[in-house]
Amino acid sequence: MKKNLLLISILILFSLSPFLTSNNFLIRFLTDILIFSILASSWNIIGGYTGYASFGNVVFFGIGAYSTSILMSNTGLGFFVSMILGGIIAALFALLMGLPILRLKGHYFAIATLGVAEAIKALVQNLNITEGNSGIYLPPPEMSVDGIYTFFFYVTLIVLALLLFLTSIIFKNKFGYNLKAIRENEDSANSMGINTTIYKSAAFSLSGFFSGLAGGIYAFQQGFIKPEPVFNVLITIKMIVMSVFGGLGSLFGPLIGAFTIETISEFLSSYFLVAHTLFLGIVIILMILFAPKGMLDIFINIRKKGLSYFRKNIEEHRV
């Protein structure tokens, strides 16, 4: 309870950032962190709580981005309506996608999701409505430059807060307990009368909805999108790394991972471009070896157990 209050307090202080600085680059960077926090937290619903490691969640991000762009450009709908509809379209696609492939398990499921993401990317590159590889321009926001940065910061923060609020409620009731039962032992969950297909599909749809919202925000923020940036599988990999790094299957773990990984990435790419990817890879390997439950678990247990915490992790996981 205390750690949750601390993290909520940090988020509240974080929300005051636009009032504490006039540096638009910093506000834009903080907005990018929030977007990845949404993506990592969305992936955590299906990967952390349900135990299905999806390598195709970027498809929901891309669908949300393109749906928002097409609706704003072709129908004249406003941003908020288009973004919400984009999230709904991504959720419906996740439902249709999930019904067949969520019957797969392990690496078969991971490969299937990756295949779907690549297939949708190829489709978007060849459709007239998406303008193929030429991309889509979105109508610019009608506000001052400083106002634009602040606007996207708070829209993204509100979506993240809504995601955290819903997740905290959902996973304290029957729905959340059933998902955790599926993660621990799906066969046992089936034998207890849990309709695992419905619960997994619902979790996948929820994950798709918020990833789609993040895609809509990203598209309007950029003002122009093409298939490659929004359907890049590396985005999914970052979601997974952030969730694992922060603490898989926890409410605030993906946020800690997003803040940490994005900050390290920005610093290294600015000053140590060549060593950037190498250093991040080393950090991730060390985390998997010494703290496989993520940064949040370190914060909780290091004070009680000291350095023996890392030794016990190595022994328990037989590294």
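Quick notes on this structure:
- Net length available on complete extension from LEU162 to THR21 is 48.3 nm, with 0.36 nm assigned per residue and the Cα-Cα distance removed.
- Measuring r between the beta carbons of ILE300 and ASN126 and using R0 = 51 Å, the FRET efficiency lands at 0.55.
- 3J(HN,Hα) couplings calculated from phi for the stretch 24-35 with the Karplus curve 6.51 cos²θ - 1.76 cosθ + 1.60 (θ = phi - 60°) are, in sequence order, 5, 4, 5, 5, 5, 5, 5, 5, 4, 4, 5, 4 Hz; Gly and Pro show x.
- Look at where the Cα atoms of the stretch 1-70 and of the stretch 144-175 average out, and the two centres are 8 Å apart.
- Dipole magnitude of the chain about its Cα centre (Cβ charges: Lys, Arg +1; Asp, Glu -1), debye to nearest 20: 1100 debye
- Trypsin sites (Lys or Arg not before Pro) within the stretch 115-185: DSSP coil, no more than 12 neighbouring Cβ in 10 Å: LYS172
- Relative contact order of the chain, defined on C-alpha pairs under 8 angstrom at six or more residues apart (%): 30 percent
- A full extension of the chain between GLN222 and VAL283 corresponds to an added length of 18.9 nm, given 0.36 nm per residue minus the alpha carbon distance.
- For TYR137, no residue 5 or more places off, or on another chain, has a built amide H under 5 Å of its own.
- Residue ranges 223-232, 8-17 sort as 223-232, 8-17 when ordered by packing (mean number of other C-beta atoms within 10 Å per residue, highest first).
- Top of GLY48, GLY257, GLY147 by mean-square fluctuation, Gaussian network on the chain, Cα under 10 Å: GLY147
- Taking a ≥ b ≥ c as the square roots of the eigenvalues of the Cα gyration tensor, an a/c ratio of 1.5 or more together with a/b larger than b/c marks the stretch 170-218 as prolate.
- Each residue of the stretch 166-178 was assigned a 3J(HN,Hα) from its phi angle through the Karplus expression (A = 6.51, B = -1.76, C = 1.60, θ = phi - 60°), giving 5, 4, 5, 6, 4, 8, 10, 10, 4, 4, x, 5, 5 Hz with x at Gly and Pro.
- Difference of contour (0.36 nm per residue) and Cα-Cα distance, SER188 to VAL233: 12.9 nm
- Here the Karplus relation 6.51 cos²θ - 1.76 cosθ + 1.60, evaluated at θ = phi - 60°, turns the backbone of the stretch 185-202 into coupling constants of 6, 5, 5, 5, 4, 4, 5, 8, x, 7, 6, 5, 4, 5, 5, 5, 5, 5 Hz, with x for every Gly and Pro.
- The chain: most fluctuating residue of THR236, THR21, THR196 per GNM, C-alpha cutoff 10 Å: THR21
- For the stretch 119-216: rounded, prolate or oblate by the Cα gyration tensor [a/c cutoff 1.5]: oblate
- Shape class for the chain: oblate, because the ratio a/c of the largest to smallest gyration tensor axis (alpha-carbon atoms, square roots of eigenvalues) is 1.5 or more and b/c is at least a/b.
- Residue-averaged [θ]222 nm for the chain, counting only DSSP H segments that reach four residues, each worth -39500 (n - 2.57): -24000 deg cm²/dmol
- The local environment of LYS238, defined by Cβ-Cβ distances under 14 Å, has a net charge of -3 under the rule Lys, Arg +1 and Asp, Glu -1.
Every read-out reported here was derived from the displayed coordinates using simple, explicitly stated rules and does not represent laboratory data. Note that the structure is a prediction, hence the values are computed from the model and not measured. Here the Cβ is made from the backbone with ideal geometry for all residues, glycine too, and neighbour counts use every protein chain on show.
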